[in-house]
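Below you'll find the structure, written out as structure tokens, and then a few comments.
Computed from the coordinates by the stated procedures, all read-outs in this text should not be read as laboratory data. Here the structure is a predicted model, which is why all the values come from computation and not from measurement. With ideal geometry, Cβ positions are generated from the backbone for all residues, glycine too; neighbour counts draw on all protein chains shown.
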Amino acid sequence: QKEVEQDPGPLSVPEGAIVSLNCTYSNSAFQYFMWYRQYSRKGPELLMYTYSSGNKEDGRFTAQVDKSSKYISLFIRDSQPSDSATYLCAMTPIGNTGFQKLVFGTGTRLLVSP
Amino acid sequence: EAGVAQSPRYKIIEKRQSVAFWCNPISGHATLYWYQQILGQGPKLLIQFQNNGVVDDSQLPKDRFSAERLKGVDSTLKIQPAKLEDSAVYLCASSLFNRREGGTIRIYYEQYFGPGTRLTVT
């Protein structure tokens, strides 16, 4: 079993839809969670990060963490064709050294049609 | 603030040849990472540097891959000799590591990626 599971998609939605992207994890030591967006032939771009259970909002994006269920989500409101990309979740334990390794999901490919 | 720079962007070589990739991290970032991303997968860490020292190279195939970060800034990743299965995107990322903020030290886990080098081995 992989430490982080993410549906590869593709997930196809019409413009304006609310998108839900999800990851599950098995390692309860993971405490810090990130979402990256990766356009084709580009490097991953950090979208959001959080270490608290609950919701964190930034514009059209909301990151949600449920540590009891080991489940994280990224919601995109009013989706746009420019949101079409692969979305990667990443997570790491929190410690004093800062040397913790990020563990990535496989990424979910999102397609938003006009 | 300039982002992470990488070169070249694309490279095509034949198997058994050698290749080198270069990375310049964000200014002031003490931690530098090299990742390998195979199509359809998430990035896989190859090596992590803290300043010019290696923190983690447990997943680096040391019989053919090598990396260095002289002077704690730029870094190079080399493959010699290359195999067909090395075809992938090689990503460099950097992180601030930690900073004193008021009376406490905040540890930074966020990593910032460069555009990557797409390697094709034929």
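Each residue in A:S20, A:S68 was given a count of other beta-carbon atoms within 10 angstrom of its own, and listing them fewest first yields A:S68, A:S20. Among the listed pairs B:K11/B:K44; B:K44/B:K71; A:K2/B:K83, give every one whose C-alpha distance is greater than 23 Å. Violating the 23 Å Cα-Cα cut-off are B:K44/B:K71; A:K2/B:K83.
Ordering B:L60, A:L21 by the number of other Cβ atoms within 10 Å of each residue's own Cβ, fewest first, gives B:L60, A:L21. Only Cα pairs under 8 Å and 6+ residues apart enter the sum, and on that basis the relative contact order of chain A stands at 37 percent. Of all aspartates and glutamates in the structure, the ones whose alpha carbon falls short of 20 Å from that of A:K56, not counting any fewer than 8 places away in one chain, are A:E45, A:D66, A:D78, A:D83, B:E110. The label point for B:R99 and the one for B:S7, both projected 7 Å from the Cα toward the Cβ, are 2.8 nm apart. Rg and Dmax of the protein assembly as shown, based on Cα coordinates, read 18.0, 55 Å. Distance from the alpha carbon centroid of segment A:1-42 to that of segment A:71-114 works out to 4 angstrom.
Contact order, relative form, for chain B: 35 percent (alpha carbon pairs under 8 Å, 6 or more residues apart, mean separation divided by residue count).
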